[in-house]
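Below is one structure, written out as structure tokens, with a few remarks after it.
The values are calculated or read from the model by the stated rules, or taken from the named source; none is laboratory data. In this text, all values refer to a predicted model and were calculated from it rather than measured experimentally. Positions of Cβ are backbone-derived with ideal geometry, glycine not excepted, and every protein chain shown enters the neighbour counts.
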Amino acid sequence: MNYIYIGAEKTSSTYLQRFFSKNKHIIYQDYGIHYAGQDLNVKELILRIKNDDGYLSSYNPAAQNARNCLISEFFYRDLRDLRELSNLKHFFNSVFGDYKIILYVRDQRDWLESFYSTYIKNGRELSFNSYVKAMLEKLDPSIDYHSRSERWRFIFPESLEVRMFSGQNLIKEAAEDFGAVFDKQGDYMSPGQINSSLPSRSLRILRNINLAVTDPSSDVSEMDRKALKSLLSKHPIGENKVKLSSKQQCKILERFSKGNEEMNKRWGLSLPTGDF
């Protein structure tokens, strides 16, 4: 069985990529699991799939007799219509044969709080309240799990599994998907903290620098911004994370409750519905 982890965003896909990359030789030696991410340019593959351009020649498995592991949130994030997903299925069938597709989903309230840190780190400028309002107005498709996952289920009816994100046990859960448990923690190199959320005070400081960079009268440069971002990532200021207000949480539940109910029934999840 081959294992393909497609996200969604903010469900530790970067952490898993780093974990398997750092430990690929041990994992292959101990469990016969080949980390396909070291051989495949996923962004290039997705571009070829979108353009119907020779995507079947994008990858030749380096370990023909191994179980393969492929991890990328870009599959879920960037491939949205049925034609693209059909092309992806054609690719997976030709390369992997027998495979399981795992999609992790996350409470939308928790996702919005976490993604704001990424948003500010990427140089954006909105306050948290303005960011939440904008995200709800455009109904970000990344967290409309029901409509997105139904397209995947239509194309991959036998292969798709959807699970609730649990960061604490993610490595163990991933290992169990291979039929092996990494019970010797000391044998593996940790990727360390990846994309961890900054406290609200650090985010305010970085946001002000983002604003200054775009101000023509300011002498703050992009290099200054990147230096501060690196410093705050290593030495965050403050402890409290940004939090949604009760009113904002109610609006989120209004948007997603119906779809979340369907997800919970089909996949046995615990996405938020109704009152909180």
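For region 1-11: of the residues being among the hydroxyl-bearing types (Ser, Thr, Tyr) and either closer than 22 Å to Arg80 by Cβ or assigned to a helix (DSSP H, G or I) (or both), which is farthest from the chain's Cα centre (by Cα)? Before the answer, list the steps.
Of all residues in region 1-11, those among the hydroxyl-bearing types (Ser, Thr, Tyr) come to 3, 5, 11.
Now narrow it down to the ones that are either closer than 22 Å to Arg80 by Cβ or assigned to a helix (DSSP H, G or I) (or both): 5, 11.
Values: Tyr5: 9, Thr11: 5 Å.
Checking each candidate, the answer is Tyr5.
Out of everything in region 188-240 that is among the hydrophobic types (A, V, I, L, M, F, W, C) and assigned to a loop (DSSP other than H, G, I, E, B), what residue ends up being modelled with the lowest pLDDT? Full working, then the answer.
Applying the first criterion (among the hydrophobic types (A, V, I, L, M, F, W, C)) to region 188-240 yields 189, 194, 198, 203, 205-206, 209, 211-213, 220, 223, 227-228, 231-232, 237.
Keeping just the survivors that are assigned to a loop (DSSP other than H, G, I, E, B) gives 189, 194, 198, 220, 237.
Values: Met189: 67, Ile194: 62, Leu198: 91, Val220: 88, Ile237: 90.
The extreme case among them is Ile194.
Residue pairs whose Cβ atoms lie under 9 Å apart, separated by 6 or more positions or on different chains, with the first residue in region 89-101 and under 10 Å from Met1 (Cβ atoms) and the second part of a strand (DSSP E or B) and among the hydroxyl-bearing types (Ser, Thr, Tyr), are Tyr99/Tyr3; Lys100/Tyr3.
Filtering region 139-159 down to residues that are of a type in the set (Gly, Ala, Ser), in a helix (DSSP H, G or I) and surrounded by 13 or more Cβ atoms within 10 Å (Cβ to Cβ), which residue is modelled with the highest pLDDT?
Keep residues of region 139-159 that are of a type in the set (Gly, Ala, Ser), which gives 142, 147, 149, 159.
Checking which are in a helix (DSSP H, G or I) leaves us with 142, 147, 149.
Add one more test, that the residue is surrounded by 13 or more Cβ atoms within 10 Å (Cβ to Cβ), and what stays is 142, 149.
Values: Ser142: 79, Ser149: 95.
Across region 139-159, the extreme among qualifying residues is Ser149.
When you look at Tyr28, is it of a type in the set (Ser, Thr, Tyr), on the phi < 0 side of the Ramachandran plot, in contact with a strand residue (DSSP E or B) (Cβ under 9 Å, 6 or more places away or on another chain) and modelled with pLDDT under 90, yes or no? In short, yes.
Restricting the first member to region 238-257 and to residues that are at positive phi, and the second to residues that are surrounded by 11 or more Cβ atoms within 10 Å (Cβ to Cβ) and assigned to a helix (DSSP H, G or I), the beta-carbon pairs closer than 7 Å and six or more apart or on different chains are Gly238/Ser200; Gly238/Arg201; Gly238/Ser202.
Being under 18 Å from Ser117 (Cβ atoms) and either hydrophobic (A, V, I, L, M, F, W, C) or touching an Asp or Glu at 6+ places or on another chain (Cβ under 6 Å) (or both) is the filter here; which residues of region 234-253 pass it? Across region 234-253, the qualifying residues are Ile237, Val242, Leu244, Ile252. Residues in region 212-228 that are surrounded by 13 or more Cβ atoms within 10 Å (Cβ to Cβ) and not basic (Lys, Arg) were compared, and the one that is farthest from the chain's Cα centre (by Cα) is Val220.
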